[in-house]
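Some notes on the structure that comes next.
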Amino acid sequence: MSSSELLQFVVSGLQNGAVYALVALGFTLVYASTGIINFAQGEFFMLGGVLAVAGVRFGLPLPLAVVASVLVSAGIGVALERFALRPRRDSGGLVLIIITIGASMVLKSLARHIFGPNEMALPAFTPGPPVIIGGAAIDPQVLWIWGLTFVVVVALTLVYAKTKLGRAMRACSLSHDAARLMGVDTAGVVMLSFGLAAALGALGGAVVAPLTQTAFDVGARAGIKGFAAAILGGLGSPVAAVVGGLLLGVLESLSVGFLSSTYKDVISLVVLLAVLFLRPQGLFGRAGKEKV
Amino acid sequence: MNTQFKMVVAVLAALLIAVTGVGCSGSGSGESTGDVAEPYRIGAVVSLTGTYAGLGTPEKNAIEMEMKRLNDAGGVNGRQVEVIFEDDATDPAKAQAAVARLIEQEDVIAIIGATGTGQTMALRDDIDRAAIPQVSMAGGSVITAEFDELVFQTPWPNRTVVPFTLRQLKERGLTNVAVISDTGGYGKDGHDIIVAQAAAAGVKIIADETFNPGDTDMMAQLTKIKSASPDVVLMWNAGKEAAIVAKNLKQLGMDVPLVGSPGNGRREFIEGAADAAEGFQFAAGKILVPEAYGVDTPAYDVATAFISDYTKAYDVAPDIFAGHAYDAFLVVTDALSRIEGDATPAALRDAIEQTSGLVGIGGTFTYGPQDHNGLTEADLVFYRVEGNEWVLAK
Amino acid sequence: MTMLSVRGLSKSFGGLTAVDNVSFDVHEGMIKALIGPNGAGKSTLFNLLTGFECPDAGTVTFLGQPMVALKPFKVVRAGIARTFQNTQVFGEMSVIENVLVGMHTQLATGFAAGALRLPATRKADRMAVERAGRLLRLVGAEEFADAPGADIPHGVRRLVEIARALAAAPKLLLLDEPAAGLNNAETQALAASLRRIQADGTTILIVEHDMGLVMEISDEIVVLDRGRKIAEGSPKLIQKDPAVIEAYLGEEVPDA
Amino acid sequence: MSARYGLDRAIARVAPVLIVALVAAVPLLTDDRYLFKVLTFVGLNVIVVTGLALLFGYAGQISLGHAAFFGIGAYSVGYLTATRALPWLAAVAIGVALASVVGLLLSLPMLRLKGHYLAMATLAFSEILGVFFVEASAITGGNDGLRGIPFPSVGPFKIATPGASYLLVWGVAIIVVVLASNLVRTRPGRALRAVHGTELGAQACGIDTGRLRVQVFTLSAGLAGLAGALYAGVVGFVSPTTFSLEFSVLLVAMVVLGGTGSITGPVVACVALTLLPYIDALVPGLPRDAVAFLQDWEADISGIVMIGVLLFAPGGVAGMLRRSRRAGDAS
């Protein structure tokens, strides 16, 4: 195997991985503020793509369509939290998780009613021939994916570390009661985290759509991959989610390269299981210890 | 615990009411009202939701349109035709329940469907027990390879298309073939036939990769294929991943032709792959370029009329799945029209088997006691995408 | 006769030594108290004794058997039952069911027998329910028998935990602040219950802040400060011990 | 209040008999094969959901992999009876045993996992097995599915009609529900609830929480395998798409909608949620347009029902029942 092929596998893995990472970031954000897994996260990935296509068909310029789709998705995420989850926020995680499952069924089905069952194409952000680096071909759209993922991670990390909002979010992730005592508007933080998570999922869906097309049913797979990436990272910081996503993507493409394309998902899942069995809290997760 | 039991009793009581109610309606619908205009009832099992929603929806559209056209023109034998649709949600178990309902409660004389191969196969026990004919719109080889005298299919199965396609490759001198297929039913079926027949067709498989339905990037598989330096990449799948393969191929700068399957004869492929679709070749029936039928032939008239009607009714051109459904409906109603006397399921089955020279969208159907496929390689042509349009490949 | 023997027990968490080379004995039939200011390492010591934490060094011997590194459920089977400072009552189960869970080691019903509800199972359960009722009366929580664990007052939760621990028929009972949240009358009732438990042949090791209760019921006292044992002896001796007084200075004066 | 309580007790005595009588009476009232099929699916789901209620509703351990255990049971019976011509009963026994053993082997390394990590591990297992179902086509028939599975038969008795299949499945389902209801009221069941309540408390009661977890996971995997084993015989066709993650998620949703810490609640939720997509055919005389609409909007309706139930009754069916009983007691 030549080095340019190896590089190509890694590039391909990082491309998929960056998309997983964006979805995983959404999982991590919601988990941090509420302690639950939002099963509708994958559907926001779907919404990002189909709404962007709808925007373009409606006549919006592409950048505007993408921004609009991310904003609308964020709005739907906020609405989901406000109207379907907040009334039950004291009922425990289980109830909330099942509500997000119900929401994902509704979102997916509504998308089919509105946008039809067929796949839809989104134009490339900046059309052009692939960039060749070290013998590996990289589509300009992939640069967009990496660029946006990078910007998002840096922005989130800065917000987490430097701003009042970030402190509020971190406080919420430790204890809602404590956060409330510190004067944090916990309800607001939770709502914001849902909106942000939806926006990130939608951004992932929109930015990858020019490469892959999109359709009403792409959410489930994106959700599974993003969840796997988030768990692999350990549901901790934004960086953990991104590393989890990139690792998963590279693992898959190296499996194709060196082992078998048919069993690439099996191989990556076996590695994930092995990681979990050896480190039950994921790669970067804090070891949760019950207090006696 | 106590009141919980009350709840259970309530639910079961409600169930019981439903049971008895349905029991009555079931027996009621079975009785003939004696009306001369009693319509022929045909059941259709299609996937309107779930993975195959994109296939089942145009199928339903085509059948509904044709049913209306036929009934407006007076129906068959002076009787109207009524098609009762059931959605199987792309689930074999649901398909089975659906067909049981169509047989039990709707008293249908034939089943059109299902959309998918797995769902089609799931119906077989019920079809056999009720002894009514089934015309499937799914392309899996297994449907007619595991022969059942009641079961027919309208698409060209991979058994027909693969040898035709391989011969096209051979004729073009593309003998070092890299195969990439999906692990879904259609892709795997095609893949296995390609592998089995490659040697006989005089081509050599030098790379063999797969991807999963829903995968969003095949760069890794194609990188491996690239290192094998094939003359041609042969792709077998029917989903949206096809466009990704085409684009990835171009991204990698591979200057080899990409050849696909009839499942890629969809506008969405061209839109999704954009300029990467240029030069893409595949075998399919003649509907995509009706001139292939020969401009003065009846087939040309049938196809152009269907295309213009469908486009008018639904605002999009019909795809190959709409064509399969058109053919299935045509096969059943044509057979009905040839029955003298009572249109029993048995008579209908025999009439379908006797179908000969029936001009449909997929080709000219001639079934026989050993052949429930009806189509031959003569109904296939080789296409090429040029300027975002399908043209006949030379 | 020495029932429990603790020798050189140490445990630290990330550089912070919680229990430092502690040794003491508990003799059969006595009530021994473990006191010390907050953060002295009492709860950690309990966790070490009951298998919830693994010590860094030292040994624990119970009735001649080494106990260190045993899992909590094996400790219970060996005959040591405990309660928690932060009560661990099963909130979705009724109080009497909580006590029935405590009889886990005393009953034999497995999955198959439970699913079939054999006559023997029913009989064993009937007797268990009777015994659970008796235990609740013993600790004075019988009026809450049918209430869900989540709905009872905090003070009662401690009593329920005592009944639940007793249900395991332990030879040694470890109580972690049983009187917290009880009023005077209730504390007196608790003292009486503890004496009855002692009279029934159960040895007791108790962590308690209520000095009145400790002085009243205990036969011996061990005092911990910052993880180390600073004194051991009868209540009278301890009350006069300068090291103990020193340790408690600056701390909130214990209820006396 | 006491009169009401007496009535409750009377109903509690009579209800099981009544339910059995009702289930047994259905074949006398109708011979609609479709209805039998639908009710058979309901019965099969009841078996899986009962196992999952023990695992999840009582022991608090989530599994997103139960569709895979269902698949193990189904493929075992399908392969052994259709290809190997084994007697049906032996094949069922092997299918259940295999599902249990796989459950056991999976649960051991998963002991350290909790919550979402456990969910991911079971999900990964289910996805891996899904690939196996497709790829091991010599055993499973691959994507085309496994056909020609003979009807269940024991000696000379053959269960060949939908009505008989219905009775078989519901017979097993009722036995399973009764055994599970017994279980949760005795020592192992109390231990499960205790582990769910607080693991520390359970350990302090002398419960070997690890062993208990393994036991209940094995049991519920076995029950899912049992349902799958029955599925193969009565449906006669097994294909990989049936054992999807969606199915696993739906099963978990049934348990939550039914209410944790209850067997009856999840069973009621399972019956309702399984019937929901078929409601168009169960309610006679519905206009065709309404039927088409219901089919088209089924997923939306299911989703909204799930959200609605939990918004207004977070304790699920069991919670509603408990509340109504308390309200009754208070009056």
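Structure summary
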item	result
Within the range C:169-186, considering residues that are farther than 12 Å from C:Thr83 by Cβ and modelled with pLDDT under 90, the one surrounded by the most Cβ atoms within 10 Å (Cβ to Cβ)	C:Leu182
Residues located in the range B:255-287, provided they are open to solvent by 30 Å² or more (accessible area, probe 1.4 Å) and within 18 Å of B:Arg172 (Cβ to Cβ)	B:Asp255, B:Val256, B:Pro257, B:Glu278
Any pair with Cβ under 6 angstrom, 6 or more apart, that starts in the range A:29-42 at a residue that is within 12 Å of A:Ser175 (Cβ to Cβ) and ends at one that is in a loop (DSSP other than H, G, I, E, B) and aliphatic (A, V, I, L, M)	none
Candidates D:Val195, D:Val177, D:Val169, D:Val184, filtered to the one that is open to solvent by 20 Å² or more (accessible area, probe 1.4 Å), in the same structural domain as D:Ser239 (by TED's automatic domain parsing) and part of a helix (DSSP H, G or I)	D:Val177
Where C:Leu70 falls short, out of the listed (1) closer than 30 Å to C:Phe13 by Cα; (2) assigned to a helix (DSSP H, G or I)	(2)
In the range A:239-266, residue farthest from B:Leu222 (Cα to Cα) [restricted to those that are assigned to a helix (DSSP H, G or I) and open to solvent by 40 Å² or more (accessible area, probe 1.4 Å)]	A:Val239
Residue in the range C:113-128 that is more than 10 Å from chain D (Cβ to nearest Cβ) and either surrounded by 24 or more Cβ atoms within 10 Å (Cβ to Cβ) or touching a Phe, Trp or Tyr at 6+ places or on another chain (Cβ under 6 Å) (or both) present	no
The range B:216-247, residues that are surrounded by fewer than 24 Cβ atoms within 10 Å (Cβ to Cβ) and either farther than 23 Å from B:Pro262 by Cβ or modelled with pLDDT under 90 (or both)	B:Thr216, B:Lys224, B:Lys226, B:Ser227, B:Ala228, B:Ser229
Tally of residues being at the interface with chain B (Cβ under 9 Å from one of its Cβ atoms) and either touching a Phe, Trp or Tyr at 6+ places or on another chain (Cβ under 8 Å) or closer than 23 Å to D:Arg193 by Cβ (or both) across the range D:274-291	1
Matching option when the condition is surrounded by 19 or more Cβ atoms within 10 Å (Cβ to Cβ), farther than 25 Å from D:Ala232 by Cβ and not acidic (Asp, Glu), among D:Ala99, D:Ala82, D:Ala59	D:Ala59
Of residues in the range B:63-84 being open to solvent by less than 30 Å² (accessible area, probe 1.4 Å) and part of a strand (DSSP E or B), the one farthest from the other protein chains (Cβ to nearest Cβ)	B:Val76
Cβ-Cβ under 9 Å pairs, at least 6 apart or on other chains, the range A:1-16 side more than 7 Å from chain B (Cβ to nearest Cβ), far side open to solvent by less than 10 Å² (accessible area, probe 1.4 Å) and aromatic (Phe, Trp, Tyr)	A:Met1/A:Phe9
Residue list for the range B:288-308, restricted to those being in contact (Cβ under 8 Å) with a residue 40 or more places away in the chain, surrounded by fewer than 17 Cβ atoms within 10 Å (Cβ to Cβ) and within 28 Å of B:Gln134 (Cβ to Cβ)	B:Pro298
Verdict on D:Leu311 being part of a helix (DSSP H, G or I), more than 30 Å from D:Pro16 (Cα to Cα) and modelled with pLDDT of 80 or more	yes
Top-ranked residue of the range A:77-95 - restricted to ones that are in a helix (DSSP H, G or I) and among the charged types (D, E, K, R), ranked as most open to solvent (accessible area, probe 1.4 Å)	A:Arg82
Test for A:Leu143: is it under 23 Å from B:Asp215 (Cα atoms), modelled with pLDDT of 85 or more, outside any helix (DSSP H, G or I) and touching a strand residue (DSSP E or B) at 6+ places or on another chain (Cβ under 8 Å)	no
Test: residue in the range C:153-169 that is in contact (Cβ under 8 Å) with a residue 12 or more places away in the chain, in a loop (DSSP other than H, G, I, E, B) and touching a strand residue (DSSP E or B) at 6+ places or on another chain (Cβ under 9 Å)	yes
Which numbered condition B:Glu291 fails, given (1) closer than 28 Å to B:Gly173 by Cβ; (2) of a type in the set (Asp, Glu); (3) in contact with a Lys or Arg (Cβ under 9 Å, 6 or more places away or on another chain)	(3)
Of residues in the range C:74-93 being open to solvent by less than 20 Å² (accessible area, probe 1.4 Å) and without any contact (Cβ under 8 Å) to a residue 60 or more places away in the chain, the one farthest from the other protein chains (Cβ to nearest Cβ)	C:Val75
Filtered residues of the range A:163-206 (kept if closer than 24 Å to A:Leu107 by Cβ and open to solvent by 40 Å² or more (accessible area, probe 1.4 Å))	A:Met191, A:Leu192, A:Leu196
Residue, surrounded by the fewest Cβ atoms within 10 Å (Cβ to Cβ), within the range D:145-166, restricted to residues that are of a type in the set (Val, Ile, Thr) and more than 10 Å from chain B (Cβ to nearest Cβ)	D:Val154
Scope the range D:252-273; condition hydroxyl-bearing (Ser, Thr, Tyr) and either away from chain B (no Cβ under 11 Å) or in contact with a Cys (Cβ under 7 Å, 6 or more places away or on another chain) (or both); matching residues	D:Thr260
Tally of residues being at pLDDT 90 or above and among the β-branched types (Val, Ile, Thr) across the range C:63-88	4
Answer residue from the range C:144-175, given it is more than 11 Å from chain D (Cβ to nearest Cβ) and farther than 22 Å from D:Gly197 by Cα and is farthest from the chain's Cα centre (by Cα) among those	C:Lys171
Some residue of the range A:135-146 being touching a residue at least 60 places away in the same chain (Cβ under 8 Å), within 16 Å of A:Ala206 (Cβ to Cβ) and open to solvent by 40 Å² or more (accessible area, probe 1.4 Å)	yes
Members of the range D:109-144 found to be part of a loop (DSSP other than H, G, I, E, B) and either within 14 Å of chain B (Cβ to nearest Cβ) or open to solvent by less than 40 Å² (accessible area, probe 1.4 Å) (or both), listed by number	D:Leu113, D:Ala136, D:Gly141
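Matching residues to (1) within 14 Å of chain D (Cβ to nearest Cβ); (2) open to solvent by 30 Å² or more (accessible area, probe 1.4 Å); (3) among the acidic types (Asp, Glu):
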position	(1), (2), (3)
A:Ile37	yes, no, no
A:Phe44	no, no, no
A:Gly75	no, yes, no
A:Ile97	yes, no, no
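The values are calculated or read from the model by the stated rules, or taken from the named source; none is laboratory data. This one's a predicted model, so the numbers in the text were calculated from it and none came from an experiment. Positions of Cβ are generated from backbone atoms using ideal geometry, with glycine treated the same way; all protein chains shown enter the neighbour counts. The accessibility values were calculated without ligands, DNA or RNA, using every heavy atom of the protein model including side chains. Shrake-Rupley method; radii C 1.70, N 1.55, O 1.52, S 1.80 Å.
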